[in-house]
Structure formats: structure tokens, C-alpha cells
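Visitor: Below is the structure I would like to discuss, written out as C-alpha cells.
Any read-out appearing in this document is the output of simple, stated calculations on the displayed coordinates, not a laboratory observation. Because the structure is predicted, anything quoted here is derived from the model rather than measured. Here Cβ is always computed from backbone atoms with ideal geometry, including for glycine, and neighbour counts include all displayed protein chains.
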Amino acid sequence: MDAFPLEIITPDAVPFSQSVVFLDVPAARGRLTILAHHEPILVLLKAGMVRIKPAEPPTEAPLEQKWCIEEGILRVEREKVTLLTTRAQRSN
């Protein structure tokens, strides 16, 4: 499966920055799943759970990561995906 770079950015830090193969977010109008080669899009996010599957997960970690976020914006570009939020905390 193809991978793409993802950054989760908060006002204080960049808590996540690596290549992923799957991103599922709580969009304002329902859940949205992003895979490699997705069309460029700008989406409003609501507070909720984000699911991420890293391209190369650590051997001791689960294959999928879950993050709790506050409201924010997801920007999908041809070369990368950026999730901007006021707060992001890993939940597993």
C-alpha cells in the first residue's frame, strides 16, 4: 500500500510526523478516510478520534494509532497531509 507524509500540528508542538498508509478523521459532515493519491481537499474537523496506520509501525506498538483531537482543519495536498488542531493526544 502506498504511503504519504502526515503531520499533526498543534500551537505548541508537532506531536506526529511520519509516513502513513491510512488516515481516518471526524470531519464536520461525517467521517473521512484519506489514502495515498487522494485529491487535494480542505476539510473542517470536529473534536473526536483520529485513526492512523503508520507505514512502518514500531514492532512493539499496535498497527493502528488513535489520537483524540479538538476541532481543526485537515489539508490534503498532492505531496502531504496536514492536520491542524488546538490539541492532539495519543489514546493508545
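Visitor: Considering only the other residues whose Cβ falls under 15 Å of the Cβ of I9, what net charge follows from Lys and Arg at +1 and Asp and Glu at -1? Working shown, then result.
Guide: Values: positive: R75, K80, R87, R90; negative: E7, D12, E70, E71, E77.
Value of the local net charge: -1.
Visitor: Something else about it: Run through all the Cα pairs of the chain and give the fraction in each 5 Å bin from 0, expressed as whole percent.
Guide: So the P(r) values, bin by bin, are 3, 15, 27, 29, 18, 7, 1.
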